[in-house]
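Student: First the structure, then my questions, so here it is.
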Amino acid sequence: MLTPGIIDDGSFTEEEKQADHRARRTMLGVVGLLAVCAALGVFLAFNFVQAERARTLQQWQVRLGIVADSRSADVSQWLDQQFSTMRNLAQNASLQMYVGGLTAGAKDTQAVEGGYLRNLLTVAEAVAISALERKESRGAHFRDDYPDKSEEAAKFNLCIKPGPDGSMVLTREPLSPMTDEMKQIIEEMKS
């Protein structure tokens, strides 16, 4: 069989016909090889794109993690500064004299204001100490540096009270077992 478009009028030798046949097979082989190379190239290009996409995603995750870590450190530093400020106010001798003078002093309004201010500072210090001690996030208490709940922390309450020297004393009190009535209320609230 000769190349299409050429009419075999019997003038071609058997050798020419075989050469034509070999040329045709070679051409089909080259076309097949090109098709395989093209398919392999497309496959490799898709793999490269996927690998680059995964690498870029990982780079962004690392960048965002660094930002989150720096924000967490900033928040922790801010909390430490606020706690230090409250502690300094609570331990300030001049402020204690002022509050003591208001409480012991003159009229009822001033005594109430002084007592209120003293209580406010005491509660602020107690809240700050307790919040820093709680190494988890639960309910409205959220910490960037401890974003998850701690099952261990769910077994006790943090209790704080002034010690003999006036400093705050923090204790962990185990939770009482939940009564059947409380369990029922919780189940009703879920539905």
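The values are calculated or read from the model by the stated rules, or taken from the named source; none is laboratory data. Since the structure is predicted, the reported quantities are computational estimates derived from the model, not experimental observations. Reconstructed Cβ throughout: ideal geometry from the backbone, glycine too, with neighbour counts over all protein chains shown.
Student: Does segment 9-50 hold any residues that are of a type in the set (V, I, T) and not in a helix (DSSP H, G or I), and which are they? Steps first, answer last, please.
Tutor: Step one: of segment 9-50, the residues of a type in the set (V, I, T) are 13, 26, 30-31, 36, 42, 49.
Within segment 9-50, just T13 meets the criteria.
Student: For segment 152-191, give me each residue that is assigned to a strand (DSSP E or B) and among the β-branched types (V, I, T).
Tutor: As a first pass, look at segment 152-191 and keep what is assigned to a strand (DSSP E or B): 156-162, 168-174.
The answer is I160, V169, T171.
Student: Among (1) at pLDDT 75 or above; (2) part of a loop (DSSP other than H, G, I, E, B); (3) small (G, A, S); (4) out of contact with any Lys or Arg (no Cβ under 7 Å at 6 or more places or on another chain), where does A106 come up short?
Tutor: For A106, the exception is condition (1).
Student: Let me confirm something: among A54, A68, A73, which residue is at pLDDT 85 or above and more than 30 Å from L117 (Cβ to Cβ)?
Tutor: Unique residue meeting the criteria: A54.
Student: Tell me, please, whether a residue that is closer than 18 Å to R87 by Cβ and under 28 Å from the mean Cα position of the chain (by Cα) can be found in segment 144-159.
Tutor: Residues of segment 144-159 that are closer than 18 Å to R87 by Cβ, as a first pass: 158.
If we keep only those that are under 28 Å from the mean Cα position of the chain (by Cα) too, we end up with 158.
Yes: one or more hits.
Student: Only one of these is at pLDDT 85 or above and surrounded by 12 or more Cβ atoms within 10 Å (Cβ to Cβ): E113, E136, E187, E173. Name it.
Tutor: E136
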